[in-house]
Each structure stands twice: as C-alpha cells, then as structure tokens.
C-alpha cells in the first residue's frame with residue numbers, strides 16, 4: 001500500500017486541488033468519494049467537483065441532530081449546482097435503542113456515551129458510505145487542530161481500509177474564506193457567528209477569540225484530542 005501511495009504522490013504533487021482530483025477520479029474510476037459536512041472547507045471541495053463535473057460521488061451524513069442552518073446550506077448547494085449529494089442516516093434500530101435506554105442527551109454524561117452516540121450517528125454510516133471505494137476525499141486542513149498539523153495530504157486509513165486525500169490540507173482559514181467569497185459559494189451562516197467547526201447542534205458552540213479551532217466541539221470534555229472517530233488520529 002505504501003508503494004501505491006508513493007506512486008499517487010508522484011503523480012499529483014505540485015498540481016492544483018482540482019487537477020489532482022481529476023487525475024484520481026480517472027485513475028480510480030467510480031471508486032472516489034468525497035464526504036461533506038457542508039462546512040467552509042467542504043463547500044470549497046464541493047465546488048471543485050461540481051463546477052468541473054468530476055465523476056466523484058459526494059455524500060453527507062445526516063445524524064438527525066444537525067443545525068437548521070446546515071440544512072439551509074445543503075438546500076442552497078443543491079440549487080446552485082443542480083447535482084445530487086447522497087445522504088446516509090444512522091441505522092434506525094440503533095438510534096431507537098440508544099435513545100430509549102439512555103435518553104436523547106446521554107452524550108453529555110460521559111466520554112463513553114458520547115463516543116457511542118458518535119459511532120451510531122456518524123462512524124457506522126460512514127463505513128457504509130466508504131465501502132467498496134478506493135479513495136476518500138476530505139476537507140481536513142492542518143491548522144484545524146494540533147492533532148492534524150502533521151497530517152500528510154495523502155495517507156492510508158487503516159480503520160476504513162482506504163486511501164485518504166486532503167486536497168486543501170495546507171490552506172489557511174483565510175484561503176478558504178477568500179475562495180468562498182471569490183466564487184460566491186454557498187456557506188453555512190453559522191460561520192459568521194463564530195462557529196468554525198460545525199457538527200451536531202447539541203455538541204457544537206461558537207469559539208471565543210484566541211480559542212483553538214476545535215474548542216467549540218464537545219467543549220464540556222477535558223481532553224486535548226476531541227474527535228468523533230471519523231478520522232482516526234495516530
């Protein structure tokens with residue numbers, strides 16, 4: 001696998017994100033997918049794919065606990081590009097069991113409960129979405145958290161058995177915002193209210209000046225590696 005990743009790196013190094021995505025879509029035809037949470041970064045990559053008619057499937061995970069603003073930008077994106085975004089939901093039986101046994105807000109009670117909720121609502125649907133594919137495109141940027149600062153643009157995801165490509169890994173937040181503005185791309189209005197990383201409504205808040213990018217996610221937890229499990233950290 002390392003050899004394959006090195007070969008891909010040689011092919012796409014120095015290319016623009018759009019050109020790199022086009023090459024991957026051609027090389028791994030029908031096996032390249034992009035996961036969007038409809039935040040700033042993901043809207044940029046959605047624009048890359050849709051505006052260039054790249055044969056890359058875009059999908060999103062609807063956890064059932066998203067902000068209304070997230071659904072609004074979802075609708076705006078569909079209207080803008082006239083293309084579809086495949087949507088994955090949690091397994092009904094798992095959600096019913098979780099809420100029936102532990103209540104709707106069990107994730108506040110312990111880290112174990114929070115991870116259980118994230119797994120049911122996000123991780124398991126993601127595994128279904130990635131199954132059978134070769135390349136997983138993400139909107140991860142290095143400056144989003146200390147856990148991501150040393151991430152390579154191309155890597156192997158052991159947990160999901162797939163190659164991950166982060167086309168804007170080295171972009172700054174200003175790069176992203178400028179691209180959004182210059183191309184008039186729909187974006188989540190919560191970004192204008194201090195929300196940098198936007199996930200489920202009960203688990204996301206705006207950040208204060210000087211706070212880490214991830215400070216608004218699961219803010220009640222006292223740990224430095226706050227992730228939901230979608231992107232395993234080394």
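Bear in mind that the values in this text are calculations on the coordinates, not laboratory data. Quantities reported herein were computed from a predicted structural model and do not represent experimental measurements. Cβ coordinates were reconstructed from backbone atoms using ideal geometry, including for glycine residues, and neighbour counts include every protein chain displayed.
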- Kindly work out what percent of the DSSP beta bridges joining two residues of the chain are antiparallel, to the nearest 5. 35
- Can you give the angle from 0 to 90° between the axis of helix 92-102 and the longest principal axis of the chain, with both taken from C-alpha atoms, to the nearest 10? 40
- Task: Please work out whether the range 1-138 counts as rounded, prolate or oblate from its C-alpha gyration tensor, where a ≥ b ≥ c are the square roots of the eigenvalues and a/c under 1.5 means rounded, while otherwise a/b larger than b/c means prolate and anything else oblate?
- Result: prolate
- Query: Can you sort 151, 1 by how many other beta carbons sit within 10 Å, fewest first?
  - Reply: 1, 151
- Query: For the range 105-161, rounded, prolate or oblate, judged on the Cα gyration tensor with a ≥ b ≥ c (square roots of eigenvalues), a/c < 1.5 rounded, else prolate if a/b > b/c?
  - Reply: oblate
- Per the helix-only calculation at 222 nm, which mean residue ellipticity applies to the chain, given -39500 (n - 2.57) for every DSSP H run of n ≥ 4 and division by its residues, nearest 500 deg cm²/dmol? -10500 deg cm²/dmol
- Item | For the range 8-57 and the range 111-182, distance of Cα centres in Å | 13
- Would you compute the Debye intensity of the chain from its alpha-carbon atoms alone, equal scatterers and no solvent, and pass along log10 I(q)/I(0) at q = 0.12 Å⁻¹ to two decimals? -0.67
- Item | Label zone at residue 68 (point 7 Å along Cα-to-Cβ), backbone N below 18 Å, the range 202-217 | 202-206
